[in-house]
Structures are given as C-alpha cells and as structure tokens.
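Okay, structure first, notes after.
The values are calculated or read from the model by the stated rules, or taken from the named source; none is laboratory data. The model shown is predicted, which means the values in this text are computed figures rather than measured ones. So basically every Cβ, Gly included, is an ideal-geometry build from the backbone, and we count neighbours across all protein chains shown. Surface areas here come from the heavy atoms of the whole protein model, side chains and all, with no ligands, DNA or RNA. Shrake-Rupley method; radii C 1.70, N 1.55, O 1.52, S 1.80 Å.
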Amino acid sequence: MDIQYPLELVGTFVFAISGALAVRDREHDLFGAGFTGFITAIGGGSLRDILLGAYPLVWIGDVNFLYAIFAGILLAFIFPSALLKLRKTMFLFDTLGIGFFTVLGVEKAMSLGVRPEIAAIMGMFSAVMGGVIRDTLTNEIPILFRKEIYASACLAGAILYLVLNYFGLARDYNMLISISTVISIRLIAVRYKLSLPRLD
Amino acid sequence: MDIQYPLELVGTFVFAISGALAVRDREHDLFGAGFTGFITAIGGGSLRDILLGAYPLVWIGDVNFLYAIFAGILLAFIFPSALLKLRKTMFLFDTLGIGFFTVLGVEKAMSLGVRPEIAAIMGMFSAVMGGVIRDTLTNEIPILFRKEIYASACLAGAILYLVLNYFGLARDYNMLISISTVISIRLIAVRYKLSLPRLD
Amino acid sequence: MDIQYPLELVGTFVFAISGALAVRDREHDLFGAGFTGFITAIGGGSLRDILLGAYPLVWIGDVNFLYAIFAGILLAFIFPSALLKLRKTMFLFDTLGIGFFTVLGVEKAMSLGVRPEIAAIMGMFSAVMGGVIRDTLTNEIPILFRKEIYASACLAGAILYLVLNYFGLARDYNMLISISTVISIRLIAVRYKLSLPRLD
C-alpha cells in the first residue's frame, strides 16, 4: 500500500486546522476562519500544480481532500481553545505537514518530468505557499520572512531527497530521511532560536 | 435567448466600477484606479477558471468583457462624485454582482463536470475573489474578513442552487431563486448588522 | 541571431537583483531575500503565461532562466552595499527591465493568437506584476500605486508596439522604438516628478 496518499491527506487536514486557528485573535467570524483554513490547506499544492500545468488540481479531482479540509475546519471550530492550549501540538503538526508536503511536492514535480532544480523549488512551494497566501490575505508578514528557519528547511530537505534519489537510495528510506531532515532542522532552529544571517 | 451572457457582462461592468472607486480615498492616480477596477472585474472568474483549468479565460476569449470593463472604468473616471454619492446604488450593484456571479460560477463549474462541492466553492470564489485580490493589493483587510455576512451569503446561494438543481427545478426558476437568496441574505445582514459568530 | 532571448535573460537577472535588494531594510534573512528575488523575477511572466494557458512556464521549461535568477540573487548577496550605492544603476536596470519585458510580453501573447487589446495588457502584466507580487508579499503598497508613472509607461509602450506593428514596421525597429518609449516615459516622469492626475 502506498504511504504517500494517507500522508498527503493528513498534511491537508493539519494545514486546515492551523489555517482556521491562525485568524482567531483578529476580527474574523467563523466563516472567515473556515475560509482561511481552506486557503491554507489548498494553497501550496494548488500553486505547485498551476505552475506545472498539472490538472485537475488534487483537491478538485479527489473529494477525500475536501473531506480532510472540512474535518480540520470543523475540529478547529469545536475545540479552538483545546487546540490552542495544545499550541506545541499544533506546532508539531505544522512541522510534520511541511516535512511531508516538501517531499510529496518534489515527487509530484519529478513525476511530471521537470528538472531537479524545478522539483526542489516545487517541493518548497508545496510546503510553504499555503501559509504565505494565508498570511498575505490576513495582512500578516508571511511566515517565510519571520525569524526562524522555515522555508529554507524545506528547500534543504527537497535537495537532499533529490541527491539521495540520484544516488539510487530506495524511495521509502529516502522519504523517511528527507522528511526527518526537514522536521529536524525546523525543530532545532526553533528550539535554539537559530536563524540565517541577514543581508546587510 | 440565454440570460446568462448579458448578466455576466453586467456583473463584470459593475465590478469594474466598484473596483475603480474603491481606491479613491488613497494615493492612487487614474491609472491605479483603472488597474484596480480591471483586477476586481476579472479576478474572481479568472481564479475560478485557472483552478479548473478552463481555458481560454472568459475575458481573454471574448472581447465584450474587455469593453464592459473599460466602460465601467471610464464611467468611474467621468462621474466619480456622482457615483459615490450614489453609494447605496453602488452597494446594490455590488450585491447584484455577487448574486449573479455566484450562480454563474456554479454553472460554469458544473458544465466542466466537477463535483457539486467543488461547484459550490467555485461559485463563491467567482463572486468574492475579485474583491479579495483588490483588497489584498491595496493593503486592505479583505472584505471577506470584515464584519457583515458577505462570502457566506454567496456560499449559501451556491448550495441552494445545487440542491434545487438536484431536485430537478427548472434552471430559470432556480437561477431566480438562488440569486435572490444571495441578494436577500446580504441586504438583510447589512440592514440589521447581522454577523456570524466569532471563533473564541 | 535572435535578440529576444538574451534580452529576456538579462531582464530576469536584473529583476532578481532588484527583488533581493528590495527587502534589505526589513527583517529578512538571506533566504527571504533570495525568495523575494525569485518571486520578483518569475512573477510577471508566470502570471502572463498562466492567464494565457501557455505551458510550460518559461523558467520551468528552460533552465537558463533559473541560472540567471540564481546569478542575480548571488550578486545581491555578495555586493549588497555596492549595488545599493549604485541606486541609480539599479533604477536604470529596473527601467530597462520593464521596457524589455513589456515588448517581450506583447510578442509572446500575440504569438499565441490573442487580440491586440489582450496582448497590450499582457505586455504590461509581464513587466509590472513581478514587482506587484513582491510588494504584496512584503506588505508594501505596490509600486504600481505609488506616485510616479510606472505601469502606465508600460501600457503606452505596449500599445505603441501594436500600432507600429499594425502599420507594418519591421520588428527590430519596432522593438527598439517601443522599448525606448517605455524607458523614456519612465525616466522623464521620475526626473520631473510627473504623475497622472488623481481620481477626485
């Protein structure tokens, strides 16, 4: 059985929750929160597939992704306080999400026959662009531009996946190693407040 | 004779006016106002068609939509004060616009064979995303996230259309009822300052 | 030998530099600067091609554009101070960039068989939308809406190109004249602080 499909569903579900909860401290009604959760969940993958011309988009062609999104939004509506108390849990889920989406995005791009450089960028876009679109719509500084290492962890994991793939590592091991790398970089960066140097 | 085509042209025309006037109180020159009118008019339908992979986009394939947009922008340039004094008129036009675009978006999506859940979302996107893009470009909080019921009225009308269609209601009656529902919800919400509960 | 290809590469390179340097005075790390340079360089052309359904996107189908972008970002990383001291140089590069991209965008659209009105809009979008997306992501007022003439110079050059093409002027002369027109309008507007009237 293929591990990719359930991983992508779980990632979508998690992103919907984090998107819906992201607007909680602002003047958003329930609908605005659900809308933001929806955009966060579909944004990265949709942008990737639109750039690649890969139709139909995943969530349009497969209704299970819609169900995953609706379930995530519903959960955020019913248990907002509990979920926010679980802030560390949410952070972990988001970190798992960007790990999975990075590697799935690389694989999707490669399956369409693009060059590895493009596949690496598409992996990163899949993972972070939903959050970027969410932050842009809600007039926040996109998470990408905030202090801790975020998108760069995804890009590093994407490149690692491509290198290991080039050297013939079996796909399952490669996924495990590359996803773990994204997650580890992100966790270590947040734990030790690591950031990349600034341009000055 | 098909009623859909003239309705879509009128909706495009109205959105161009409201977009061009939206930037009036800020530091925009005439060109910026026209540009904003253009983006507002094409944004929702273009996003819908890009997500669905439905090419050519309506305004690229049919020059009458360009004429409708240019006419709207020109009118906003010539009579800005008169139109703004008619603020209530403009509000009504915008409300008519989201009503029409919701149902037209649902129909367009269904004609491409997508599931009804997707068609409902596409109807809502058609109606509101032009305004969301306009507000994002001009650094406003998108109208979607402001207090009164807006996008949720569109989603309700889209779902109603799909339900009535499922039960076999004739298309003309269905359009009339569903468009009226969107318009009524929006008018009543603004009149009585109704809003959805917040997430807290 | 065709002049269009090297011009487009140089324009992409220049836009990557100006995008990477645009975030320097804010809290961006190196990665954020590179990401912004990337988005600025691909934004306008990608939007044009997505609206037109012209796949594959230029930078996805031809790796030389990626190299041009990476070279521009690298240069911005290594010599940020020198480049910013050359502010006038950067301004000139950006002005050259919008001149070239306007005419290249018009030609690309016409080669896809769209109407001249659409081609003019696509020429302008190619030139300015990368910067608009950059400014939206970084929460700036898009350059389009600031005081001096910018996008309107591109639209004027695009229309001139189409008019001269209609009257049969040879392509090389037409490119030269139209690109020079965009550049001249922009330079004169900035030099003499010319702006279009506001809507009030």
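Could you check, for segment C:73-89, whether at least one of its residues is more than 14 Å from chain B (Cβ to nearest Cβ), assigned to a loop (DSSP other than H, G, I, E, B) and over 26 Å from C:Ala156 (Cα atoms)? Break it down stepwise before answering.
Kept after step one, since they are more than 14 Å from chain B (Cβ to nearest Cβ), are these residues of segment C:73-89: C:73-89.
Checking the rest, the ones that are also assigned to a loop (DSSP other than H, G, I, E, B) come to C:79, C:86.
Next, from what is left, pick out any that are over 26 Å from C:Ala156 (Cα atoms): C:79, C:86.
The answer is yes; a qualifying residue exists.
Please work out which residue is nearest to A:Ile98 (Cα to Cα), limiting yourself to segment A:172-193 and to residues that are of a type outside the set (Val, Ile, Thr) and within 14 Å of chain C (Cβ to nearest Cβ). Reasoning before the result, please.
To start, the set of residues in segment A:172-193 that are of a type outside the set (Val, Ile, Thr) comprises A:172-176, A:178, A:180, A:184, A:186-187, A:189, A:191-193.
Still in the running and within 14 Å of chain C (Cβ to nearest Cβ): A:186, A:189, A:193.
Numbers: A:Arg186: 10, A:Ala189: 14, A:Lys193: 19 Å.
Among them, the one singled out is A:Arg186.
Do you know which residues across segment A:159-180 are over 18 Å from A:Ile3 (Cα atoms) and surrounded by 15 or more Cβ atoms within 10 Å (Cβ to Cβ)?
Going residue by residue through segment A:159-180, those that are over 18 Å from A:Ile3 (Cα atoms) are A:159-160, A:162-164, A:166-168.
Correct list: A:Ile159, A:Leu160, A:Leu162, A:Leu164.
Can you tell which of A:Ile133, A:Ile50 is in contact (Cβ under 8 Å) with a residue 40 or more places away in the chain, within 11 Å of another protein chain (Cβ to nearest Cβ) and under 23 Å from B:Ala109 (Cβ atoms)? Spell out the reasoning first.
Details: A:Ile50 fails: in contact (Cβ under 8 Å) with a residue 40 or more places away in the chain.
Answer to the check: A:Ile133.
Taking only pairs six or more apart or across chains, which ones have beta-carbon atoms under 7 Å, a first residue in segment A:92-104 that is without any contact (Cβ under 8 Å) to a residue 12 or more places away in the chain, and a second residue that is in a helix (DSSP H, G or I) and open to solvent by 10 Å² or more (accessible area, probe 1.4 Å)?
Close Cβ pairs satisfying both conditions: none exist.
Looking at A:Tyr173, is it modelled with pLDDT of 95 or more and either within 21 Å of A:Ile17 (Cα to Cα) or part of a helix (DSSP H, G or I) (or both)? If you could, list the steps in order and put the result at the bottom.
Values: modelled with pLDDT of 95 or more: no; either within 21 Å of A:Ile17 (Cα to Cα) or part of a helix (DSSP H, G or I) (or both): yes.
For A:Tyr173, the condition - modelled with pLDDT of 95 or more and either within 21 Å of A:Ile17 (Cα to Cα) or part of a helix (DSSP H, G or I) (or both) - is not met.
In segment A:93-107, how many residues are surrounded by fewer than 23 Cβ atoms within 10 Å (Cβ to Cβ) and more than 12 Å from the chain's Cα centre (by Cα)?
Counting residues in segment A:93-107 that are surrounded by fewer than 23 Cβ atoms within 10 Å (Cβ to Cβ) and more than 12 Å from the chain's Cα centre (by Cα) gives 1.
Residues of segment B:136-151 being within 16 Å of the chain's Cα centre (by Cα), in contact (Cβ under 8 Å) with a residue 12 or more places away in the chain and in a helix (DSSP H, G or I), which ones?
If the condition is that a residue be within 16 Å of the chain's Cα centre (by Cα), in contact (Cβ under 8 Å) with a residue 12 or more places away in the chain and in a helix (DSSP H, G or I), then B:Ile143, B:Leu144, B:Ala151 are the ones that fit.
Among the numbered criteria (1) under 26 Å from C:Leu75 (Cβ atoms); (2) within 13 Å of the chain's Cα centre (by Cα), which one does A:Leu162 miss?
(2)
Name the one entry in A:Leu169, A:Leu196 that is within 22 Å of C:Leu74 (Cα to Cα) and either within 9 Å of chain C (Cβ to nearest Cβ) or without any contact (Cβ under 8 Å) to a residue 40 or more places away in the chain (or both). Lay out the reasoning, then the answer.
On the way: A:Leu169 fails: within 22 Å of C:Leu74 (Cα to Cα).
Exactly one of A:Leu169, A:Leu196 is within 22 Å of C:Leu74 (Cα to Cα) and either within 9 Å of chain C (Cβ to nearest Cβ) or without any contact (Cβ under 8 Å) to a residue 40 or more places away in the chain (or both), namely A:Leu196.
Per-residue answers, yes or no, for (1) closer than 30 Å to A:Thr138 by Cβ; (2) surrounded by fewer than 19 Cβ atoms within 10 Å (Cβ to Cβ); (3) over 15 Å from the mean Cα position of the chain (by Cα):
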| position | (1), (2), (3) |
| --- | --- |
| C:Ile78 | no, yes, yes |
| C:Ala119 | no, no, yes |
| C:Phe125 | yes, no, no |
| C:Ala153 | no, no, no |
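Hydrophobic (A, V, I, L, M, F, W, C), at pLDDT 90 or above, farther than 23 Å from B:Pro116 by Cβ and out of contact with any His (no Cβ under 6 Å at 6 or more places or on another chain), is that true of A:Ala54? First the steps, then the outcome.
Values: hydrophobic (A, V, I, L, M, F, W, C): yes; at pLDDT 90 or above: yes; farther than 23 Å from B:Pro116 by Cβ: yes; out of contact with any His (no Cβ under 6 Å at 6 or more places or on another chain): yes.
For A:Ala54, the condition - hydrophobic (A, V, I, L, M, F, W, C), at pLDDT 90 or above, farther than 23 Å from B:Pro116 by Cβ and out of contact with any His (no Cβ under 6 Å at 6 or more places or on another chain) - is met.
Looking for whichever is small (Gly, Ala, Ser) and under 28 Å from B:Glu140 (Cα atoms) here; the options are C:Gly105, C:Gly130, C:Gly99, C:Gly113. Which one fits? Step through it out loud before you land on a result.
On the way: C:Gly105 fails: under 28 Å from B:Glu140 (Cα atoms); C:Gly99 fails: under 28 Å from B:Glu140 (Cα atoms); C:Gly113 fails: under 28 Å from B:Glu140 (Cα atoms).
Of C:Gly105, C:Gly130, C:Gly99, C:Gly113, the one residue that is small (Gly, Ala, Ser) and under 28 Å from B:Glu140 (Cα atoms) is C:Gly130.
Pairs please, first residue from segment C:117-129 and more than 9 Å from every other protein chain (Cβ to nearest Cβ), second anywhere and part of a helix (DSSP H, G or I) and aromatic (Phe, Trp, Tyr), Cβ atoms under 8 Å, 6+ apart in sequence or on different chains.
What qualifies is C:Gly123/C:Phe101; C:Gly123/C:Tyr161; C:Ser126/C:Phe101; C:Ala127/C:Phe101.
Here are some conditions: (1) part of a loop (DSSP other than H, G, I, E, B); (2) open to solvent by less than 50 Å² (accessible area, probe 1.4 Å); (3) under 19 Å from C:Ala153 (Cβ atoms). C:Val114 meets all but one. Which one does it not meet?
(3)
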